[in-house]
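Colleague: Below: one structure in structure tokens.
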Amino acid sequence: MTDNVHLDRDGAIATVTLNRPERRNSLSDAMLTDLGAVVSALRDDAAVRIVILTGAPPVFSAGADAALKSSMSPEERRHAMATRKSQFRRLFERVNTMLEGLEQITVCAINGHAIGGGWGLTLACDFRIAAAEAQFWIPEVDLGVPLGVASTTRFVRLVGPARAKEIILECRRYSAEEARTLGLAHRVVPGNDLIKHSREYAQMLLAKPFRPLTEMKARINAIARIGMPEVNAMTEGFLQRD
């Protein structure tokens, strides 16, 4: 456990909490480094089978933590964001890859707004349960910087190129229910019941045989990375050999 990220173990369920509420859980270099260390520790913890990721109230995460001053001109703000993004992307994409690659099943309990990299972080989890009052948006284009490759790739995988363009280029806010309709949230529940519902969902998964669960997660992730045309070609090759 660190000041930036809390880790609580309860039997086979571990809860990871982004813990910078005074900064709306924005993703600083220190927080991303600490989150990476926690994910690495969980990767080697055979006792943990389900990981719940959430944020300290009132939001999930406001995304990249850029040091912007109110006195900055629009051009200065864009330059500060672009400079910050270079370092942020390296840390963020590494942590996302680690989180997505966990053997354990991950459940993201989205307790409030998920903005920019905060929304992107939810996509590295296997399941996403959102509080009804949560909102989602990607403001990067309006801020004058492109969204990182990792988050862009996951949006395209999950909703396809056309929807990904709509979400990323329009920079509009989406409600939790809209996110569910798009397939970017699996369930929407009352905010006061979010952790209870997330733990109940984790318990449901925990009751299943662990090895088939993790093997199917790995296969599905591999297929998503390869793409369906390549998978179809591979399948045809296997059929021909048989």
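The values are calculated or read from the model by the stated rules, or taken from the named source; none is laboratory data. Here the structure is a predicted model, which is why all the values come from computation and not from measurement. Cβ coordinates were reconstructed from backbone atoms using ideal geometry, including for glycine residues, and neighbour counts include every protein chain displayed.
Colleague: Check whether at least one residue in the range 132-139 is surrounded by fewer than 20 Cβ atoms within 10 Å (Cβ to Cβ) and either touching an Asp or Glu at 6+ places or on another chain (Cβ under 8 Å) or acidic (D, E) (or both), and report yes or no.
Modeller: yes
Colleague: Does the range 63-75 include one or more residues that are under 21 Å from G191 (Cα atoms), buried (at least 19 other Cβ atoms within 10 Å of the Cβ) and at pLDDT 95 or above?
Modeller: Among the residues of the range 63-75, not one is under 21 Å from G191 (Cα atoms), buried (at least 19 other Cβ atoms within 10 Å of the Cβ) and at pLDDT 95 or above, which makes the answer no.
Colleague: Would you confirm, using the coordinates I've provided, whether G183 is small (G, A, S), farther than 27 Å from A47 by Cα, assigned by TED's automatic domain parsing to the domain that holds G63 and in contact (Cβ under 8 Å) with a residue 40 or more places away in the chain?
Modeller: no
Colleague: Okay, moving on. Taking into account only those residues within the range 209-242 that are charged (D, E, K, R) and either outside any loop (DSSP other than H, G, I, E, B) or surrounded by 12 or more Cβ atoms within 10 Å (Cβ to Cβ) (or both), which is modelled with the lowest pLDDT?
Modeller: Applying the filter and picking the extreme gives R241.
Colleague: Moving on to the next point. Can you tell me which of (1) under 20 Å from V188 (Cα atoms); (2) more than 17 Å from the chain's Cα centre (by Cα); (3) crowded, with 20+ Cβ neighbours inside 10 Å is the one V145 doesn't meet?
Modeller: Answer for V145: the failing condition is (1).
Colleague: Mind listing whichever residues of the range 96-116 are assigned to a strand (DSSP E or B) and more than 14 Å from T15 (Cα to Cα)?
Modeller: The answer is A114, I115.
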